[in-house]
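Read-outs: derived from the displayed coordinates by stated rules, not from any lab. Note that the coordinates shown come from a computational prediction; the quantities given were computed from them, not determined experimentally. Glycine gets a Cβ as well: all are built from the backbone with ideal geometry, and neighbour counts include every protein chain shown.
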Amino acid sequence: MSDQPLQSESITPSTQKVDFSLTRKILTMTVPVVMGRYAETTVEMIQIFMIGMLGPVSLSAYGLARAFTRVLFTAMMSISRGALTMVAQAIGADSMEEASAATKQAFSLLLGLSIVFGAGSLALSPFLLPTLTSDPEVIALGTPFLQVFFIGVPFMTLNRAITSCLQGAGDTRTPFFLSVLSSTVQIVVSYVFIFGHWGMPELGVVGAAVGGLLGRSLATILGLGLLYSGRLALTLLPNTSYRFDWGVAHRILKIGVPSGLQGILRNSSGLVYLKLIAMSALSTTAIAAYTIGHQMESILRRTGQAYGTVATALVGQHLGAQDPEGAERNGWTTIVISVLTNTLLVLPVAALAKQFMAVFTTVPEIISTGAIYLYAIVVAEPFSCASNTSEGGLRGAGDTRPPMYYTLITHWLIRLPAAYVLAFWLDYDINGIWAALVIFSVVQAFLTVRRFRQGHWKTRKI
């Protein structure tokens, strides 16, 4: 445990739920996670910039295709989240053998499921984009992107599993370096294949998918080698097996499946949300604005998700060490720091919304529409950050069902109906759809933080 998360904390009174003396430790763990996620977002932003040079149709094709890839990605990550919790609690209990067994079992489950889901998605790829758009050019450009992406699903999921298990062990630096390597390869390869440089074929939108496939594959191979090297906080031991073990698999799935269903609910609602955007009066312009603005939302959202990952690791490690009060203290402190950080991050976005949009497009309608979307993000994100971080704390205890229910309520029963009513019944059109983002974020933050405050998770066993 390179970050030594369990030392020198017993002096803090158990009644003190927020302890800012933990700030340095929390930030030391969080910054590499944030930077790794920013590297991934940077890849998307650069790809959008390059694809934007091909025209609005190519940009819309990329945006719609990415909406489907996010659904599959989130579904496959459920096992990684379960493994993160189990590794964190095993490290807290000082059992490298349990941590190794959980990691190997997660790899085996992910590899099998990713092959099945990847193959199924590949077969369905011609039918996906027509559910969101009737534009034949968009469908023709976006479908091959999906096909290449689905081929690389096993590498994508194993790469994320490696990252999650290392983070559960308290090592957030190694995943960061792997992410930088993967992102660099993705950017270079995307540039070469999108535009056809260095004698390579000009693939347009598909070139971005080729870059993702090669970048993640390289990071996966290197990450596996490091896990066997014995130099990291987590080591794959020879006396643990990749063979199916229902006892370990059941514990991983018990944590991960609700988290995965939550992700499916969240991202599938995002597809319907995107459909509503496409139904607005601006349609293609609104989709292009969403595609660009969503990158800034991803940057801010990934900050909250990074704090959530750290909350999972810290809460899990302390519960594994039989220290529920330390788990609660670390959880609350991470929540408070995350909201303060995110509040500071959204201020420049509010001031430079139109300038950010103008980096990616010169079309005035897209800039003005996207700027209003960014203003909605500015209001919503501190609440979303509180939700993501408290959810991470609950995940560290294996308490993943309530957040799943909250996602069902807020995304499907609040955001989508609110967007539809505001846009089409009250005639606010696309601005009403943006406003729904704020409404559901506030409600989800309230529900998730309240669940963490109740403290039932402290006695939960996985």
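Seen from TYR290, the other residues with C-beta closer than 12 Å to its C-beta sum to a net charge of +1, counting Lys and Arg as +1 and Asp and Glu as -1. Neighbour counting of Cβ atoms within 10 Å sorts the residues MET35, MET357, fewest neighbours leading, into MET35, MET357. Counting neighbouring beta carbons within 10 Å and listing from fewest to most, the residues ARG329, ARG460, ARG24, ARG66 come out as ARG24, ARG460, ARG66, ARG329. Over the stretch 131-288, the hull volume per residue, using the convex hull of the C-alpha atoms, is 158 Å³. Sites listed here are trypsin sites (Lys or Arg not before Pro) in the stretch 169-248 whose DSSP assignment is loop and whose Cβ has at most 15 other Cβ atoms within 10 Å: ARG231, ARG243. The phi-based Karplus calculation (6.51 cos²θ - 1.76 cosθ + 1.60; θ = phi - 60°) puts the 3J(HN,Hα) values of the stretch 270-286 at x, 5, 5, 4, 5, 4, 5, 4, 5, 7, 5, 5, 7, 6, 4, 4, 5 Hz, whole numbers, x for Gly and Pro. Restricting attention to the chain, lysine pairs at least eight places apart or on different chains and with alpha-carbon atoms under 30 angstrom apart total 14. Segment THR28..ARG401, full-extension length gain: 131.3 nm, with 0.36 nm per residue of separation and the alpha-carbon distance subtracted.
Taking each residue as 0.36 nm, the span from ASN239 to PHE424 lengthens on full extension beyond its C-alpha to C-alpha distance by 60.5 nm. If I compute P(r) over Cα pairs in 20 Å bins from 0, in percent from the structure I just sent, which labelled value in [x] 21, 55, 22, 1; [y] 26, 59, 16, 0; [z] 23, 57, 19, 0 lines up? Read-out taken from this structure: [y].
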